[in-house]
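Before any comments, here is the structure.
Every number in this text was worked out from the coordinates using simple rules, so none of it is lab data. As the structure is a computational prediction, the values presented were derived from the model and not from experiment. Here the Cβ is made from the backbone with ideal geometry for all residues, glycine too, and neighbour counts use every protein chain on show.
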Amino acid sequence: METQRIVYNDKVVRQFIWASVLFGVIGMLVGVIVALQLAFWPANLPPLLTFGRLRPLHTNAVIFAFVGNMLFGGIYYSTQRLVKARLASDILSAIHFWGWQLIIISAVVTLPLGITTAKEYAELEWPIDLAILFIWVVFAVNFFWMLANRREKHLYVAIWFYIATIITVAVLHIVNSFEVPVTAFKSYSLFAGVQDALVQWWYGHNAVAFFLTTPILGIMYYFLPKAAERPVFSYRLSIVHFWGLVFIYIWAGPHHLLYTALPDWAQTLGMIFSLMLWAPSWGGMLNGLLTLRGAWDKLRADPVLKFFAAGVTFYGMSTFEGPLLSIKSVSGLAHYTDWIIAHVHGGGLGWNGFMAAGMFYWAVPRLYGTKLHSRGAANFHFWIGTIGILLYIVSMWVAGITQGLMWRAVSETGGLLYPNFVETLLAIQPMYWTRLVGGLLYLSGFVLLAWNLILTAKSGAAVDGEIEVPVATEPRGSEVPWPKLLFGQPIIASIVVMGLLFGMVLFDGLVSTVLAIVALMWGVAAVAISIRDRNSEKVSWHRALEGRAGIFTVLVTIGILVGGIAEIIPMVVSVPETIRTTKNVPYSPLELEGRDVFIREGCYTCHSQMIRPFTWESARYGEVSSIEDSIFDHPFQWGSRRIGPDLARLGGKYADVWHYKHMLDPREISPGSNMPPYPHLAKSTIDFSNTPSKLRAMRNVGVPYRPEQIQTAEEEARATAAGIAAGLAENARVTTCEEPGDGCELMVNSELVALIAYLQRLGRVPEPESLAAAETEEAAR
Amino acid sequence: MSRFAAELFAQSPALLYPLIALILFFVVFLVVVIRVVRMKASEADQYARIPLEEELEVPHE
């Protein structure tokens with residue numbers, strides 16, 4: 001038989017691996033810095049290097065730069081070998097690599113500058129969003145083109161996970177990035193309040209699922225058998241694992257919003273599907289671990305297997321903890337606390353970090369045709385990494401549960417036992433230091449990895465994998481035609497069963513029972529027929545499907561779309577009605593400017609704006625939050641974390657001068673606070689000539705600003721600012737000024753004044769003239 | 001309409017979507033399980049061995 005030689009494109013794999021190592025070190029270093037900032041506030045260096053601006057940099061760097069580069073490298077390495085084809089285009093591969101690095105660099109520049117959408121893990125502004133989309137499309141084309149050129153007919157299960165990743169991340173990114181640009185670096189989310197919260201956490205949760213989990217599972221299904229030199233424990237289990245995850249994961253997003261103003265039905269769906277995730281996740285974990293059956297002895301010496309075994313174990317741990325935290329009563333205790341931080345770092349450091357390390361230690365020697373420079377160093381890395389993770393997780397568990405219990409503790413008379421929020425922060429201070437030590441240990445291990453890999457590469461030379469394959473493959477005409485697959489027996493049988501089940505829900509009594517029985521009989525008959533055909537010569541439907549990348553992709557897309565659409569559409573439908581009936585009114589121009597300062601400084605990284613329906617929560621913060629409170633919020637600011645207290649009903653709680661002094665030096669007002677000081681806001685001014693365009697953009701996304709309000713926005717903002725500044729000058733003897741000069745303490749049109757206006761508005765609806773105006777307009781319509 | 005459906009849709013008619021999706025998920029999952037149960041051991045083994053195929057020994061560039 002005539003054969004041909006295929007040389008894999010391993011150059012781009014090497015590039016991605018090195019980029020991942022580099023950004024891994026940087027991302028984790030930023031992590032250590034933000035951990036230090038929480039334990040020791042002077043580590044905040046305003047204006048650029050405060051916690052609020054660096055925390056998004058940390059999360060983006062480790063997710064998209066470290067894990068992103070790692071998964072691109074892993075996907076390209078394994079897929080070329082699994083399908084016996086070279087990456088389709090060297091140019092596309094290069095664009096993919098360099099484009100992605102450019103996006104990372106732009107994140108490194110823009111996030112500390114405060115250019116952010118304030119949507120977690122999606123903070124990058126709209127021009128970068130477009131760039132991400134472009135590069136993702138390049139990646140998809142390059143990948144599917146390679147699949148089209150494949151010499152191996154069957155798509156190995158790892159490739160299914162990669163396909164799901166490519167499709168889902170694209171959908172998530174596009175939907176969550178619907179935003180209206182105001183300037184070159186500023187946009188407002190298209191979604192309002194509760195909608196935005198749901199879409200954001202549908203995205204946020206599935207970014208974890210389809211960026212940090214499914215591609216790494218694909219990598220596990222390839223590299224773990226390679227390293228253990230034995231096939232995966234159960235290929236059948238991997239199929240169930242795949243479809244289970246794809247269909248269930250997409251629903252679970254609302255578990256980030258339990259006890260919030262999100263409608264109950266969505267919360268319940270999120271919780272139930274999260275619990276269901278236990279099954280496929282643990283199926284996958286066991287499949288990974290049991291692949292090592294008979295190879296456990298190798299674990300003693302082989303650092304690669306050590307990392308993989310521990311990584312998969314941490315996967316099991318995180319996917320146990322995730323559903324646990326999604327139980328409403330557990331969420332009531334854990335949400336907004338450091339327990340969540342413990343959870344994500346179990347996944348991030350344990351699963352992603354260790355799987356990356358295992359893959360690098362396995363692949364780099366092969367990519368340079370040599371042996372690992374130092375096994376001892378790799379083993380040492382494993383141990384300090386593990387100790388680092390344990391210190392990190394355990395300290396954050398203790399911190400989180402302590403916080404949660406202190407927040408809800410009430411005395412015998414019913415009052416809060418710890419009414420001062422700072423008390424609950426001081427209680428966990430030792431845990432913040434312990435976490436810092438854990439993080440430092442983990443980072444040191446990773447630096448050791450970098451050193452080890454560099455010396456490994458130096459001891460060899462770049463080498464690209466090759467394989468020999470038969471030239472002629474079977475002609476494409478012999479494939480099962482796609483309509484036969486798309487309308488195959490299982491699909492038709494399923495549609496009938498679905499129709500019958502659906503009818504069962506709609507009708508009562510006898511009809512319902514009859515439909516249920518018919519559905520059952522139909523289902524049993526379909527199964528029986530398929531079992532009868534089992535040994536026939538016909539290729540089974542799913543088997544044929546597993547060889548057809550295109551149709552497989554279509555079905556995966558449907559799978560991931562149903563959950564998202566089902567949850568998001570009801571919310572999109574209901575919000576306009578809430579806007580029509582709400583007593584709330586849009587922010588005044590100055591408040592809107594202040595809100596943009598709040599967003600820029602990343603205040604949401606420490607302060608929530610969502611009071612949950614618990615007595616201890618309303619005793620501390622005020623009336624429970626409703627959908628209407630945030631109905632004009634683009635983006636929503638519900639937050640996910642309380643390093644500081646909730647701000648949903650902060651308005652009117654303190655005088656302007658309290659806020660003024662607190663922003664200048666938080667510890668003067670609130671001793672023990674770890675909030676960074678923001679004195680520079682008093683001197684940096686707002687260009688109010690942009691305010692009308694901001695109102696206009698808000699109007700475009702559905703906030704009912706009136707045209708005359710937009711026209712007079714600039715004057716109104718200036719007038720309100722002058723009023724607040726005058727009040728501060730009178731009541732607190734603050735020296736205010738219009739122009740910068742000696743002795744000036746507060747500029748009238750400063751960001752601080754706008755921020756105070758916003759903070760004083762939180763949770764309050766202005767009375768009554770704005771309302772009257774709105775009603776007049778309503779009547780005029 | 002059944003009482004269950006009436007109560008559900010009273011919250012919002014759009015709750016039809018999650019219902020359809022839930023049933024769709026359930027049925028697809030069933031199909032997958034059937035496929036897996038039917039799969040021959042030899043076939044599964046053959047697929048599971050795909051990653052283990054050896055590459056050519058390539059000297060340094």
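Things to note:
- Restricting the stretch A:501-609 to trypsin sites (Lys or Arg not before Pro) in coil, as DSSP defines it, with at most 13 other Cβ within 10 Å: A:LYS538, A:LYS583
- Shape call, the stretch A:584-780: gyration tensor on alpha carbons, a/c limit 1.5: oblate
- With the cut-off at under 12 Å, measuring from each backbone N in the stretch A:546-586 to a point 7 Å along the Cα-to-Cβ line of A:GLU623 picks out A:583-584.
- Among the residues of A:505-512, the average count of other protein chain beta-carbon atoms within 10 Å of the residue beta-carbon is 4.
- Put simply, the amide H of A:VAL182, placed in the peptide plane, has neighbours under 5 Å in A:SER187, A:TYR188, leaving out anything fewer than 5 places away on its chain.
- Within the stretch A:98-179, the trypsin sites (Lys or Arg not before Pro) that combine a DSSP coil assignment with at most 16 other C-beta atoms in a 10 angstrom radius are A:ARG151, A:LYS153.
- Nearest-ten-degree value, helix A:11-39 long axis tilted from longest Cα axis of chain A: 30
- Extension gain, A:ASN700 to A:ALA516: 0.36 nm times the residue separation minus the Cα-Cα distance gives 61.5 nm.
- Between A:ALA295 and A:TRP451, the simple spin-label model (points 7 angstrom out along Cα→Cβ) gives 2.9 nm.
- Candidate lysines - alpha carbon under 28 Å from A:LYS298, same-chain residues fewer than 8 apart omitted: A:LYS226, A:LYS306, A:LYS371, A:LYS458
- Coupling constants for the stretch A:329-342 follow from the phi torsions by the Karplus curve (6.51 cos²θ - 1.76 cosθ + 1.60, θ = phi - 60°), and in residue order they are 5, 6, 4, x, 7, 8, 4, 6, 9, 6, 4, 5, 5, 4 Hz; glycine and proline get x.
- Ignoring lysines fewer than eight residues from A:LYS661 along the same chain, the ones with Cα atoms less than 21 angstrom from its Cα are A:LYS653, A:LYS683.
- Lacking any other cysteine beta-carbon closer than 4.7 Å, the following Cys residues of chain A have no compatible partner: A:CYS603, A:CYS606.
- Backbone HN-Hα couplings from phi across the stretch A:739-754 [Karplus 6.51/-1.76/1.60, Hz, Gly and Pro as x]: 10, x, x, 4, x, 6, 9, 9, 6, 4, 9, 7, 5, 5, 4, 5
- Among the trypsin sites (Lys or Arg not before Pro) in the stretch A:618-660, those located in a DSSP loop and surrounded by at most 16 other Cβ atoms within 10 Å of their own Cβ are A:LYS653.
- Put the Cα centre of the stretch A:351-412 next to the Cα centre of the stretch A:569-616 and the gap is 36 Å.
- Candidate lysines - alpha carbon under 16 Å from A:LYS153, same-chain residues fewer than 8 apart omitted: A:LYS84
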